[in-house]
Amino acid sequence: MSRYYLHIAVLVAIFSPFVYASNAAATLHEAEAYLTVQPARTISLLDNMPAPDKLPLHLAIQRNILLLRAAVPTNDMDRLLQVLDALFEHQQHADFQQELTAITSALGIWLRRNNYLHDAQISLSCSYRHSKTERQRLTLTNSMALVARQLNDIDHAKTLFEEARRMALQSGQMNIAAMTENNLGLLALHEGNLAAAEPHFRAALAQYQAMDHRAGKISAGINLLFYFVLQHDVTNFQRLYPPTSTLTTNFPNEAKQALLLWLHQRYLQLQGHAIDLQTKQQLSDAFEQLEDNHVKILIQRYLAGELGVDVHADPIINNQGFNRPWFNSVVACNWPTLSSEKQQTAGTIGQIGQKNAGLGSTGCR
């Protein structure tokens, strides 16, 4: 009998790692399925995986790629940088190099959000160099336009947005078309051209609704609400606010919730409600949670004075010298192009990069 149990123990020892890897792969597939509709659920599934540090390396890289993709729409920039640090420990691994476009695209987003604008251009250029699909290249063009906008190179930003939109419409890539429409609307707000902003926001929202893209619906919906309060269009605000508020409240992006708070308070003011000191303090606190300095500038320009809240956006400064040691590899950007054979053997991770198209497809700023 003892020999029988010994045999069982040996079999368990042999097959347990395979069972764990199989279960982990199933969790990763489930987490990926939630990315578009509920990225917070993606993060929760990945965070609650038992012993993620015991994953085979190719699954650990896949897990981190999914965390990158979920961190962007939820605006979790701290997590994004932590995951990038972990990924670059394995930059010579075939699965890392298979996902190079996704990784350097996510890095470009982090760098832009933190005003390392020159370094963001470097990272996005590297990402573009290693892109594999037209979808990735269009998404990266949009990201480069966002950097140009932040550098106040408005004409160049507009040219890039319009070119990406034209090509996306031609190729039927409506997610990218919606993203560029949304950003063209924001560019019009930045220029003070309110009439030009509305059709862009309406087109973006309609496209995101047709795709049932949750993060996109929130972003375009909030931007259209912004337009309505600027136009004192109370009726349309009342129609769009309930569904947008519901989506935003249940979505783990504090920056979007903070922006919606500002818009709703301005709407209430237009309805005759007074803005008391407590509300002004809430708005001041919310101002610090806004997504980036570009949004703060729009709030300061259009809403802060009307609401009597004393807030000031910092001048846009192009920080220099992102100091992670591995960033030298991004500057060099000399990873080899994977052969077809290596791409096929780089685990299942390659499927993620094709769907991901560079991590910038949420329509978020």
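The values are calculated or read from the model by the stated rules, or taken from the named source; none is laboratory data. This structure is a prediction, so every number in the text was calculated from the model and none was measured. Every residue, glycine as well, gets a Cβ built from its backbone with ideal geometry; the counts of neighbours run over all protein chains shown. Surface areas here come from the heavy atoms of the whole protein model, side chains and all, with no ligands, DNA or RNA. Shrake-Rupley method; radii C 1.70, N 1.55, O 1.52, S 1.80 Å.
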query: Is at least one residue of segment 270-291 open to solvent by less than 70 Å² (accessible area, probe 1.4 Å), within 18 Å of the chain's Cα centre (by Cα) and under 30 Å from Leu111 (Cα atoms)?
result: yes
Selection within segment 93-132 - hydroxyl-bearing (Ser, Thr, Tyr) and assigned to a helix (DSSP H, G or I): Thr101, Thr104, Ser105, Ser123, Ser125, Ser127, Tyr128
Enumeration of residues in segment 74-121 that are open to solvent by less than 40 Å² (accessible area, probe 1.4 Å), under 27 Å from Gln38 (Cα atoms) and of a type in the set (Asp, Glu): Asp95, Glu99
- prompt: Would a scan of segment 122-136 turn up a residue that is open to solvent by less than 50 Å² (accessible area, probe 1.4 Å), within 19 Å of Val331 (Cβ to Cβ) and free of Cβ contacts under 8 Å to residues at least 24 places away in the same chain?
  reply: yes
- request: Starting from residues that are of a type outside the set (Ser, Thr, Tyr) and within 19 Å of Gln98 (Cβ to Cβ), keep the ones in segment 137-149 and report whichever is surrounded by the fewest Cβ atoms within 10 Å (Cβ to Cβ).
  value: Arg137
- prompt: Are any residues in segment 276-309 outside any helix (DSSP H, G or I) and more than 22 Å from Pro252 (Cα to Cα), and if so, which ones?
  reply: Asp276, Gly308, Val309
- prompt: For the subset of segment 27-59 comprising residues that are among the hydrophobic types (A, V, I, L, M, F, W, C) and open to solvent by 60 Å² or more (accessible area, probe 1.4 Å), which member is farthest from Pro73 (Cα to Cα)?
  reply: Leu57
query: Got a sec? Which of His190, His200 is closer than 23 Å to Leu230 by Cα and buried (at least 23 other Cβ atoms within 10 Å of the Cβ)?
result: His200
statement: Only one of Ile316, Ile349 is among the aliphatic types (A, V, I, L, M), surrounded by fewer than 20 Cβ atoms within 10 Å (Cβ to Cβ) and at pLDDT below 95, namely Ile316
- prompt: Do you know which of the residues in segment 215-250 that are crowded, with 20+ Cβ neighbours inside 10 Å and touching a residue at least 60 places away in the same chain (Cβ under 8 Å) is farthest from the chain's Cα centre (by Cα)?
  reply: Val229
task: Could you identify the single residue in His90, His58, His29 that is part of a loop (DSSP other than H, G, I, E, B) and farther than 21 Å from Met179 by Cα?
output: His90
